[in-house]
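What follows is a short report on a single structure.
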């Protein structure tokens, strides 16, 4: 061993790499995931929007908002209520779905959106089977 | 027994001659019908989108010739002598207008001479102003007006143009009125379904992410309809060249707004965009069909819109 300086150098180098690896792993910056939209918005600009879906007959109802978990009924119901916290300066669009019995004929799905107790938007969509549409909320 | 066979043979001869008679009458009827219908309406199109609408509305009553074909850059296209002959032989010429076809004014006298009816889509749409930046820092020799000519990126504009094409077909071929109107009605319903599909897809995209960085300023109508902000490397025409100052501003904007993806176009060299992605860290989001229809799934208007929307949502979500 004493007679091979290159081998000694290699072994010392390998030892340093092995010791340094955990330190490097612990100190390197973590890959950052894209932050949620609400996390970037100042708290005073956030507002709670109440959404009420009313169906003309029992149906599986769903409300979808970008960047938020969708709210849906597990069984056919005639109404569904949900609240979404959004940027009041630029609220997201609401995608609403009513999955009706196709044999039931023409069905209606009414959407009402309230902000601080006042009705901000309302719309009624008609169709057979799957009734789906988008409600765009007005900016203040 | 002999008498029986004689009767049978007689009956057979009668039934064969009766069948032949019926075949003759049917053939004569179909021939008359074909003559009554006459030659199909000859339609030439300088717009791939309008050609698709014309095929839908006219169906078997029209013969659509695409002068500008999918995948060809219409901004730099000039009709060849052969194209001019084809146009002169047609009864209707479809054009996008709003300065999209820089050569259209030169064509007008020959169209009038040949009795070709010109249908310009831009005449019936609601134009938006072209956001052509950098007038001071690039050679602005391309031909376009102050309105953005890429009107087909708004479905409501396409609905208006579909009605215009239907009216033009009825005027040129009144015998086909019922067919044209029925087909146009079906097309309008499909466009309404497409419009809802687009809104449902885009609802999944947060408003803060609705920033489109594209090769050239072609998606202004789409942006206006769906709440997007547009940043384009070139101006409204593919012949516009970005200055180094504009590139610097654009790169700064992409970094500041944390834009996730930028988009290339089907008929352009995406090298400049690749350079921007290298400097900003934004990914190349895919290829958009900006100046008209493409091939494969984007070969129809509905297919093109669906391809563009899916590409945008997938890259910016």
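The values are calculated or read from the model by the stated rules, or taken from the named source; none is laboratory data. Just so it is clear, the structure is predicted and the values come from calculations on it, not from any experiment. Cβ: placed from backbone, ideal geometry, glycine included. Neighbour counts: every protein chain shown.
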Query raised in the report: Out of curiosity, is residue A:31 over 22 Å from residue A:123 (Cα atoms), modelled with pLDDT of 85 or more and within 14 Å of chain B (Cβ to nearest Cβ)?
Result: no
Report task. Would you check which residues across the stretch B:278-301 are more than 27 Å from residue B:250 (Cα to Cα) and surrounded by 20 or more Cβ atoms within 10 Å (Cβ to Cβ) and list them? Result -> B:293, B:294, B:298, B:301
Query raised in the report: Can you tell me which residues in the stretch B:215-228 are crowded, with 18+ Cβ neighbours inside 10 Å and at the interface with another protein chain (Cβ under 9 Å from one of its Cβ atoms)?
Result: none
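So, residue A:61, is that one under 23 Å from residue B:205 (Cα atoms), more than 14 Å from chain B (Cβ to nearest Cβ), surrounded by 13 or more Cβ atoms within 10 Å (Cβ to Cβ) and under 18 Å from the mean Cα position of the chain (by Cα) or not?
In short, yes.
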Query raised in the report: Looking only at residues in the stretch B:96-129 that are assigned to a helix (DSSP H, G or I) and in contact with a strand residue (DSSP E or B) (Cβ under 6 Å, 6 or more places away or on another chain), which one is farthest from residue B:47 (Cα to Cα)?
Result: B:111
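One line per residue, one yes/no per condition, for (1) part of a helix (DSSP H, G or I); (2) buried (at least 19 other Cβ atoms within 10 Å of the Cβ); (3) in contact (Cβ under 8 Å) with a residue 24 or more places away in the chain:
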residue: B:170; (1), (2), (3): yes, no, no
residue: B:184; (1), (2), (3): yes, yes, yes
residue: B:187; (1), (2), (3): yes, yes, yes
residue: B:213; (1), (2), (3): no, yes, yes
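From the residues in the stretch B:192-205 that are free of Cβ contacts under 8 Å to residues at least 60 places away in the same chain and either more than 13 Å from every other protein chain (Cβ to nearest Cβ) or farther than 22 Å from residue B:291 by Cβ (or both), which one is surrounded by the most Cβ atoms within 10 Å (Cβ to Cβ)? Explain how you work it out, then say what you get.
Going through the stretch B:192-205, the residues free of Cβ contacts under 8 Å to residues at least 60 places away in the same chain turn out to be B:192-193, B:195-196, B:199-200, B:203.
Pick out the ones that are also either more than 13 Å from every other protein chain (Cβ to nearest Cβ) or farther than 22 Å from residue B:291 by Cβ (or both) and you get B:192-193, B:196, B:199-200, B:203.
On the way: B:192: 13, B:193: 11, B:196: 14, B:199: 20, B:200: 18, B:203: 22.
This residue is B:203.
Restricting attention to the stretch A:94-105, and to residues there that are at pLDDT 95 or above and either surrounded by fewer than 21 Cβ atoms within 10 Å (Cβ to Cβ) or within 10 Å of residue A:57 (Cβ to Cβ) (or both), which single residue is farthest from the chain's Cα centre (by Cα)? If you could, list the steps in order and put the result at the bottom.
Quick first cut of the stretch A:94-105, residues at pLDDT 95 or above only: A:94-101.
Now restrict to residues that are either surrounded by fewer than 21 Cβ atoms within 10 Å (Cβ to Cβ) or within 10 Å of residue A:57 (Cβ to Cβ) (or both): A:97-101.
On the way: A:97: 16, A:98: 20, A:99: 21, A:100: 25, A:101: 28 Å.
Ranking the qualifying residues of the stretch A:94-105, first place goes to A:101.
Take the residues in the stretch A:67-81 that are surrounded by 17 or more Cβ atoms within 10 Å (Cβ to Cβ) and within 25 Å of residue B:316 (Cβ to Cβ); name whichever of them is nearest to the other protein chains (Cβ to nearest Cβ).
Among residues in the stretch A:67-81 that are surrounded by 17 or more Cβ atoms within 10 Å (Cβ to Cβ) and within 25 Å of residue B:316 (Cβ to Cβ), the one nearest to the other protein chains (Cβ to nearest Cβ) is A:67.
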Report summary line: All conditions in (1) outside any loop (DSSP other than H, G, I, E, B); (2) touching a residue at least 12 places away in the same chain (Cβ under 8 Å) are true of residue B:259 except (1)
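When you scan the stretch B:34-91, how many residues do you find that are at positive phi and in a helix (DSSP H, G or I)? Write out each step before concluding.
From the stretch B:34-91, those at positive phi are B:38, B:59, B:71; that's our starting set.
Next cut, in a helix (DSSP H, G or I) only: B:59.
Of the residues in the stretch B:34-91, 1 are at positive phi and in a helix (DSSP H, G or I).
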Query - Within the stretch A:85-140, strands (runs of 3 or more DSSP E) holding 1 or more residues that are touching a residue at least 12 places away in the same chain (Cβ under 8 Å) and more than 13 Å from chain B (Cβ to nearest Cβ) - result: A:94-99, A:107-115, A:118-127
